[in-house]
Amino acid sequence: GTLPPFSSSSPYSYGLDKDTHVTLSNNGRPINAEMMLWDGPDNAPQQVRTYCMDGSLNRFKATFSGKGTMSIRNTGSSGFPATATVNTSPAGTTSNLSRQHLRSSLPMQEQTSSSTPQEKTSLSSQGYQDGRSRVGSIEIQGCGALKTWPIVGGVRSATVELESEGRPISAIVELWQGPTNVQQVAQLFSQDGYDRPYSMEVDLMGSYYGSSTIAIRNVGPIEYPIIARVSY
């Protein structure tokens, strides 16, 4: 339950135009941690609980949006310490997909039946295998709707980006290595998915475990769909 706070010397250093980057790692043991971006004493607009099976091959790397004080709590046992790194950058400068690019990809278009097999393969390779494409960005409805991105071996990492049109985000991101092997879990909440989008980089370890699957589940209500993209 160790809780080191990370804050700036000035309360304005973590502004809405800043991204806060958090990395957790260790020498190969599991990581269980809880991170919160606080904006005032009783308001945590972004929260993430994570589990990583191997803190060396499968580090936790995430980006939080907006001003605040970052707290990180190691919820694992005392025998599983972790090293935390926190830094900031201008908003959107380290993401593979800018917020404007993600938003400009709306609305989602249905793939027509006249598409050629080659076109369908190209669309599927962008990550969404269910016959729809939004240049990799998709909408996930609430009430537990699940979307998956299968990724073949040889890919070292992938970037997961989540936002909404101003509604809260409640989602679970998982890295699957086989049908019953979950290597990493991140359960996240964001108070406003437009002003405070969330992104994370996932170490796939493809050369060690083989193919991987990234799964995103929207656990919010049906009225709160989210927009997701997985790029690699």
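The values are calculated or read from the model by the stated rules, or taken from the named source; none is laboratory data. Small disclaimer: the values here were computed from a predicted structure and weren't measured. Note that we place each Cβ from the backbone using ideal geometry, even for glycine, and neighbour counts take in every protein chain shown. Just so you know, the surface numbers come from the protein's heavy atoms only, side chains and all, with ligands and any DNA or RNA stripped out. Shrake-Rupley method; radii C 1.70, N 1.55, O 1.52, S 1.80 Å.
Structure summary
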quantity: Cβ-Cβ under 6 Å pairs, at least 6 apart or on other chains, the range 152-163 side within 9 Å of Val230 (Cα to Cα) and part of a strand (DSSP E or B), far side hydrophobic (A, V, I, L, M, F, W, C) and at pLDDT below 85; calculated: Glu161/Leu97
quantity: Residues (open to solvent by 10 Å² or more (accessible area, probe 1.4 Å) and either over 25 Å from Leu37 (Cβ atoms) or of a type in the set (D, E, K, R) (or both)) located in the range 183-204; calculated: Asp192, Asp195, Arg196, Glu201, Asp203
quantity: Top-ranked residue of the range 151-178 - restricted to ones that are more than 18 Å from Ser212 (Cβ to Cβ) and open to solvent by 10 Å² or more (accessible area, probe 1.4 Å), ranked as nearest to the chain's Cα centre (by Cα); calculated: Ser170
quantity: Checklist (1) closer than 18 Å to Leu24 by Cβ; (2) among the hydrophobic types (A, V, I, L, M, F, W, C); (3) out of contact with any Gly (no Cβ under 9 Å at 6 or more places or on another chain) applied to Trp176, failing item; calculated: (1)
quantity: Filter result for Lys61 (in contact with a Ser or Thr (Cβ under 6 Å, 6 or more places away or on another chain), touching a residue at least 40 places away in the same chain (Cβ under 8 Å) and basic (Lys, Arg)); calculated: yes
